[in-house]
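Let me begin by presenting the structure, written as structure tokens, before commenting on it.
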Amino acid sequence: MSTSEVVRSAGLRAHWHAVANVDSLVGSPVGVRLLGDDYVLWRGPDGNVVAAPDSCPHRQSPLSAGTIESGCLRCPYHGWLFGAEGVCQEVPSAAAGVPVPPRAHLETVYAAEKYGLVWICPGEPAAPIPEVGEEDDSDFRRINTEVQVWKVAAPRMVDNFLDIAHFPFVHVGTFGGAQDPRVSPVELEELEGGFFGYRYEIVAENPEEARATSGSREPVVERAMSSGFRLPLTVRSTIAYRSGLRHILLLVSTPMDAESSYFTFVVWRNDDFNVPAEEVIAFDRAIGEEDRVMLERLDGEMPLDRTVLVSVQADKASVEWRRRFAELVRG
Ligand code: FES
Ligand code: FE
């Protein structure tokens, strides 16, 4: 099964995918790409996010090039106006009293806001957006970062986010230099929030740039960690430091199409709230950049057939994710 078939699969269309930051929905409509299709997003007059194909039903103008008027989206070509739930409210060329054609309304898709992100689902949702308990825990604060475009197929990203054997190599410029490259036997288990993965411990380098994140001035820090997935493409990593500081990462990979993906992460921390958010996530951003550079070197799709790639014990979590993901997309 090729990645272009994967992104067209009914299995992926029946899940929520994060496509933008909530903060981006101000002023103008936002164009996004998901599973090979273009969508427009905007905040409607009732405050709810509207998501619809980015093509006007009249002459297929991209609606994302339009303008927002009191929560309604005005098409840039002939000015048709769309309101809550994509309902066409006005056709400027029509004489007074002439009703709007029934097919002028936009065929919206499901849209939701969670964790500071806009999630959309082009089909009937088969499962809710993954739960992260720390969102409702007042000891934790949430920090969002930008949504980036990576030139890499999303399955390669999930495979990477479940893998710790690359830390001493790819992440030698950030935290990976102190880690023993030998990976202890991976024992898969149910983790918090319905994520499935494994727990492990690492010794991480703690350079000056990492100290706002780790809260420690030691040259190396011990981290008790877990990494787990929820189908189709979400990974949660948890880091617990000896100090009691916990740092939770939701790693979000969204297939724009077969070759490109959105990447963003969301952090929750029970820290003392004194370090500015930007400083806290600068180190995570640098780590993500190391992954991006590595992954963009890998060509095209990731084979889902387990006989194609050679895997070892350290790959157990990603092999199990790939098996379940292949099942989901094959239907
Ligand atoms: Fe949108 Fe004509 S193409 S109003
Ligand atoms: Fe990595």
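Note the angle between two axes, namely the Cα long axis of helix 277-295 and the longest principal axis of the Cα atoms of the chain, as a number of degrees from 0 to 90, rounded to the nearest 10.
90
Roughly how big is region 1-143's charge dipole about its Cα centre, with Cβ charges of +1 (Lys, Arg) and -1 (Asp, Glu), in debye to the nearest 20? Show your work: numbers first, answer last.
Numbers: 10 positive and 18 negative charges, 128 e Å.
Magnitude of the dipole: close to 620 debye.
For the ranges 127-134, 90-97, 257-264, what's the packing order if you count other beta-carbon atoms within 10 Å of each residue, average per peptide, and put the highest first? Walk me through the intermediate numbers first.
On the way: 127-134: 16.8, 90-97: 9.9, 257-264: 20.4.
The densest-packed peptide leads the list: 257-264, 127-134, 90-97.
Rounded to the nearest 20 debye, what is the charge dipole size of the chain about its Cα centre when +1 sits on each Lys and Arg Cβ and -1 on each Asp and Glu Cβ?
640
Return the sequence-ordered ³J(HN,Hα) values of region 179-195 in whole Hz as given by the Karplus equation 6.51 cos²θ - 1.76 cosθ + 1.60 applied to θ = phi - 60°, using x for Gly and Pro.
Each residue of region 179-195 in turn: 7, 5, x, 6, 9, 5, x, 8, 10, 7, 7, 5, 10, 3, x, x, 7 Hz.
Sort 301-309, 105-113 for me by packing, meaning the mean count of neighbouring Cβ atoms within 10 Å per residue, highest on top. Let's see the in-between values first.
Details: 301-309: 13.9, 105-113: 17.1.
Answer by packing, highest mean first, reads 105-113, 301-309.
What does the charge count near A326 come to, summing +1 for each Lys or Arg and -1 for each Asp or Glu among other residues with Cβ under 9 Å from its Cβ?
+3
Taking the Cα centre of the chain as the origin and placing charges on Cβ (Lys, Arg +1; Asp, Glu -1), which of V186, S4, W150 is farthest toward the positive end of the dipole?
S4
For region 164-178, what does the Karplus curve 6.51 cos²θ - 1.76 cosθ + 1.60, with θ = phi - 60°, yield as ³J(HN,Hα) per residue in whole Hz, taken in order and with x for Gly and Pro?
Couplings: 9, 5, 8, 3, x, 10, 5, 9, 5, x, 10, 10, x, x, 8 Hz.
Report, by chain and number, residues whose modeled amide H sits under 5 Å from the one on V118, excluding near sequence neighbours (fewer than 5 apart, same chain).
HN-HN under 5 Å from V118: V19, A20, N21, V22.
Using amide H atoms built 1.01 Å from N in the peptide plane, name the residues 5+ places from A52, or on other chains, whose amide H lies under 5 Å from its own.
Amide H to amide H, under 5 Å and 5 or more residues apart or across chains, A52 pairs with V40, V109.
Which number comes out as Rg/Rh for the chain once both Rg and the Kirkwood Rh are worked out on C-alpha atoms?
Numbers: Rg = 21.7 Å, Rh = 21.3 Å.
In the chain, Rg relative to Rh is 1.02.
Evaluate the charge dipole of region 68-145 about its Cα centre and quote only its size in Debye, nearest 20, assuming +1 on the Cβ of each Lys and Arg and -1 on the Cβ of each Asp and Glu. Could the numbers behind the result be given before it?
Numbers: 5 positive and 12 negative charges, 106 e Å.
It comes to approximately 520 debye.
Could you sort the peptides 152-159, 166-173 by per-residue average Cβ neighbour count (10 Å cutoff), highest mean leading? Could the numbers behind the result be given before it?
Working: 152-159: 25.5, 166-173: 16.9.
Output ranking for 152-159, 166-173: 152-159, 166-173.
Since every read-out is calculated from the coordinates, none of them should be taken as a lab result. Just so we're clear, the structure is a prediction, and the values are computed from it rather than from any experiment. Heads up, the Cβs are rebuilt from the backbone with ideal geometry, glycines too, and the neighbour counts pull from every protein chain shown.
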